[in-house]
1. Name the residue from 173, 9, 79 whose Cα lies farthest towards the positive end of the charge dipole of the chain, charges +1 on Cβ of Lys and Arg and -1 on Cβ of Asp and Glu.
2. Is the shape of the stretch 7-83 best called rounded, prolate or oblate, per the rule: a/c under 1.5 gives rounded, else a/b larger than b/c gives prolate, else oblate, with a ≥ b ≥ c the square roots of the Cα gyration tensor eigenvalues?
3. What residues have an amide H closer than 5 Å to that of residue 69, excluding those fewer than 5 places away on the same chain, when H is modeled at 1.01 Å from N in the peptide plane?
4. For the stretch 70-126, which GluC sites (Glu not before Pro) are in a loop by DSSP, counting at most 15 other Cβ atoms within 10 Å?
5. Give the accessible surface of the stretch 96-255 per residue, rounded to a whole number of Å², with probe radius 1.4 Å and ligands, DNA and RNA excluded.
6. Which shape class, rounded, prolate or oblate, goes with the chain when its Cα gyration tensor gives a ≥ b ≥ c as root eigenvalues, a/c under 1.5 marks rounded, and past that a/b bigger than b/c marks prolate?
7. Let me know the charge dipole size of the stretch 9-150 about its Cα centre in debye, to the nearest 20, where only the beta-carbon of Lys, Arg (+1) and Asp, Glu (-1) is charged.
8. Please work out how much length the chain gains when fully extended from residue 55 to residue 151, using 0.36 nm per residue of separation minus the C-alpha to C-alpha distance, in nm with one decimal.
Amino acid sequence: MKALVRRPSPRLNEGIVTYVERRPVDVELARAQWAAYVQALEDAGWETVEAPPADESPDGVFVEDAVVVYERIAVVTRPGVEARRSETVGVEAAVAELGYAVERIEEPGTLDGGDVLKVRDTVYIGLSGRTNAEGARQLRELLTPLGATVVEVPVAGVLHLKSAVTALPDGSILGYPPLVPEALRSDFVAVPEESGAHVVLLRGGKLMLAADCPRTAELVAARGYDPVVVDISEFQKREGCVTCLSVRLRRATYA
């Protein structure tokens, strides 16, 4: 199994913020945290593949937003912020080299990968400030023939759908109650910290979480999972989370 990553830009401090207060980023610390994140993936059995650097793109490290992978298709996105659209070029080259069939979201559609949550054969698409209805429609047309059930979820108050919820290996939706979209509130696992809503399924029951949600780590451990904790504080200052720093490349059940 492979995981696509991209090293931080030296301009990370200039990255976009929407729902958080702007705070200065320590770029050197961010580089060290990124290296530790990559090491955690590799320690869990993932082979990491680096997309070409995007040094002129402050948010390029958030590689998840540039591509959605389902089965053997890689859908290159069209980010909702025009300044981020150049980030997709190197990512497209990387997934094509890995053998994926490449599709693209076309104008006037917009789609950020952070708005796409895969749970078994269901694909939730967040309709957010970054992903519009046309982008969701195009993704649905690409994934439905592969057997996916696509569900659109209105998102408010957070950057992306996966800023609010992710999924546990058993298919349960994990979320911080004040931020969970109305459409997903009927049945979800509530976490006590906002960043606890973000988990990355590794393998062998391991789940990656950020270091600032220790009570959530205890919660998932009590449910039988093995927490892998990483410090990503500098990326959180730019609304990043553990999910958006990589794209896990496999015949996905969850991503």
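The values are calculated or read from the model by the stated rules, or taken from the named source; none is laboratory data. Since the model is a prediction, treat every value here as computed from it, not as a measurement. When we count neighbours, we look across all protein chains shown, and the Cβ atoms used for this are built from the backbone with ideal geometry, even at glycine. Keep in mind that these areas ignore ligands, DNA and RNA; they rest on the heavy atoms of the full protein, side chains included. Shrake-Rupley method; radii C 1.70, N 1.55, O 1.52, S 1.80 Å.
1. Of the options given, the answer is 173.
2. Oblate.
3. Close amide H contacts, sequence-distant or interchain: 75.
4. For GluC sites (Glu not before Pro) across the stretch 70-126 that sit outside H, G, I, E and B with at most 15 neighbouring Cβ atoms in 10 Å, the list reads 71, 106.
5. Result: 39 Å² of accessible area for each residue.
6. The shape class here is rounded.
7. Once rounded to the nearest 20, the dipole reads 420 debye.
8. Contour length minus Cα-Cα distance gives 31.1 nm.
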